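The values are calculated or read from the model by the stated rules, or taken from the named source; none is laboratory data. Remember, it's a predicted structure, so these values are computed and weren't measured experimentally. Note: ideal-geometry Cβ built from the backbone for every residue, glycine included; neighbour counts use all protein chains shown. To get the accessible areas, we keep the full protein, side chains included, count just its heavy atoms, and leave off ligands, DNA and RNA. Shrake-Rupley method; radii C 1.70, N 1.55, O 1.52, S 1.80 Å.
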Amino acid sequence: MISLYDTTGQPVVYVDPACQGLYDANGRLLAWFEEDLLYAVNGRYLGWLHQGWVYDRNGNPALFMSTATGGPRRPAVDTSQPTPCYWLQRATPRRNATRRKARPARRRRATDWSTLSGPAYFAQ
């Protein structure tokens, strides 16, 4: 299980062991990966993954893994604490047969933090 952190270093979402879905701490599917692209459960394009960073649609880093490389200065994270969602060990994405929507052209990667870091990322 992989935790994704926001600009404050707090875990926001958790990636299942197969790296297919992103879940909140209550086990609700928020988004799913299709290769390195990220889509909301309704099929809306959210951004992409690169070197442990999750970028928003505008190319700004919004979330990061503890092993991310490059990007803006990251806050310290405590990876020794267990995550609150032990259920993820058995999780598999339960996305509906939602068709993914067209995505805009990928922007270049920016070095400034996204204003959508945290739960707001999934509402964009």
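I'm trying to understand the selection: among the residues of segment 41-57, which are open to solvent by less than 20 Å² (accessible area, probe 1.4 Å) and not in a strand (DSSP E or B)?
Step one: filter segment 41-57 for residues open to solvent by less than 20 Å² (accessible area, probe 1.4 Å), giving 43, 45-48, 52-56.
Listed by number, the residues that qualify are 43, 52, 56.
Restricting attention to segment 18-30, does a residue exist that is closer than 26 Å to residue 112 by Cβ and open to solvent by 30 Å² or more (accessible area, probe 1.4 Å)?
Taking segment 18-30 first, the residues closer than 26 Å to residue 112 by Cβ are 22, 24, 30.
If we keep only those that are open to solvent by 30 Å² or more (accessible area, probe 1.4 Å) as well, we get none.
The answer is no; no qualifying residue exists.
Would you say residue 38 is open to solvent by less than 10 Å² (accessible area, probe 1.4 Å) and touching a strand residue (DSSP E or B) at 6+ places or on another chain (Cβ under 9 Å)?
On the way: open to solvent by less than 10 Å² (accessible area, probe 1.4 Å): yes; touching a strand residue (DSSP E or B) at 6+ places or on another chain (Cβ under 9 Å): yes.
Considered against the rule, which asks whether it is open to solvent by less than 10 Å² (accessible area, probe 1.4 Å) and touching a strand residue (DSSP E or B) at 6+ places or on another chain (Cβ under 9 Å), residue 38 comes out as yes.
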